[in-house]
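J.: Here you go, one structure.
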Amino acid sequence: MIIAIDGTAASGKSTTAKIVAEKLGFTYLDTGAMYRCVTLAMINAGIRNTDSELINNLLKDLTIDLVENEGNLQILMNNVDVSNEIRSVEVTENVSAVSALKKVRESLVKIQREIAATTNCVMEGRDIGTVVFPNADFKFFLIADSTVRAHRRQKDLQSMGEEMSIEDLEKDINRRDEYDSTREISPLKKAEDAFEIDTTDLNIDGQVSRIIEIVNK
Ligand code: DC
């Protein structure tokens, strides 16, 4: 069974998807983390977005593993834990452009489909219900007011020792949504048959129970 959770940046997808997966005993797959890994690898290698030959080589040598560790999802890139590094401001600023690249998407979508072929999973991202698994058993699309999302993102950054103003965070969130929704390949959009959940006034428990309620029905 596949439960697809898509939505705008910082709308609560990750935390919600992780808890829903725990409650159902499913595998949780954070596809945004995969795009962030490729972005980090490109930054580390000094590769510019348009350099397609270099990107091909980089993708060939790159391994990404999402490993469950004491209730947390650990992101391993070439066997190194990059769980925090992929959430940095620099990666966040560049990830939309990287995730718009055809080669990158092809490579990651292939891995996502392979993982889901062997396990029940809750997969979270931007194009899961529309492109990766258009036949997913359940599809959800999360949205929230951008100021509320900026506050949530600020909390995440603070827990990693990084500081950014609400104004800048809100600008970044809106810029990313705009970029992700208007790109040519697999743009962010709600699947016609997805349940839309506005998380502006919901806490995590509220978001999780909405989804579990619908799945149980
Ligand atoms: O969910 P997130 O903020 O970690 O995602 C980071 C970026 O990755 C997001 O701006 C768009 C991209 N992304 C994507 O294009 N497709 C996905 N399935 C998941 C994320």
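J.: Looking at Ala10 and the list (1) open to solvent by 20 Å² or more (accessible area, probe 1.4 Å); (2) small (Gly, Ala, Ser); (3) without any contact (Cβ under 8 Å) to a residue 60 or more places away in the chain; (4) under 24 Å from Ser186 (Cα atoms), which single condition is not satisfied?
T.: Condition (3) is where Ala10 drops out.
J.: Is it fair to say Thr31 is within 11 Å of the ligand (Cβ to nearest atom) and hydroxyl-bearing (Ser, Thr, Tyr)?
T.: yes
J.: Same structure again: Does Val38 satisfy the criteria of being loosely packed, with under 14 Cβ neighbours inside 10 Å and not basic (Lys, Arg)?
T.: no
J.: Which ones in the range 90-149 are closer than 14 Å to Met1 by Cα, of a type in the set (Phe, Trp, Tyr) and within 13 Å of the ligand (Cβ to nearest atom)?
T.: Phe133 - this is the single residue of the range 90-149 that is closer than 14 Å to Met1 by Cα, of a type in the set (Phe, Trp, Tyr) and within 13 Å of the ligand (Cβ to nearest atom).
J.: Looking at Glu170, Glu162, Glu178, Glu192 in this structure, which one is away from the ligand (no atom under 12 Å from the Cβ) and under 19 Å from the mean Cα position of the chain (by Cα)?
T.: Every option except Glu170 fails the conditions.
J.: Turning to a different aspect of this structure: Kindly list, by first and then second residue, each pair from a residue in the range 186-207 that is open to solvent by less than 80 Å² (accessible area, probe 1.4 Å) and part of a strand (DSSP E or B) to a residue that is basic (Lys, Arg) and more than 16 Å from the ligand (Cβ to nearest atom), limited to pairs with Cβ atoms under 9 Å and residues at least 6 apart or on different chains.
T.: Ile197/Arg210
J.: Can you find even one residue in the range 173-180 that is within 16 Å of Leu29 (Cα to Cα), hydrophobic (A, V, I, L, M, F, W, C) and buried (at least 20 other Cβ atoms within 10 Å of the Cβ)?
T.: No, the conditions are met nowhere in the range 173-180.
J.: If you scan the range 96-130, which residues turn out to be open to solvent by 20 Å² or more (accessible area, probe 1.4 Å) and among the acidic types (Asp, Glu)?
T.: Residues satisfying the conditions are Glu106, Glu114.
J.: Go through the range 40-89 and report how many residues are touching a residue at least 60 places away in the same chain (Cβ under 8 Å) and assigned to a helix (DSSP H, G or I).
T.: Count: 2.
The values are calculated or read from the model by the stated rules, or taken from the named source; none is laboratory data. Because the structure is predicted, anything quoted here is derived from the model rather than measured. Quick reminder, even Gly has a Cβ in these numbers, built from the backbone with ideal geometry, and neighbours come from all protein chains shown. Remember, those area values only see protein heavy atoms, side chains included, never the ligands or the DNA or RNA. Shrake-Rupley method; radii C 1.70, N 1.55, O 1.52, S 1.80 Å.
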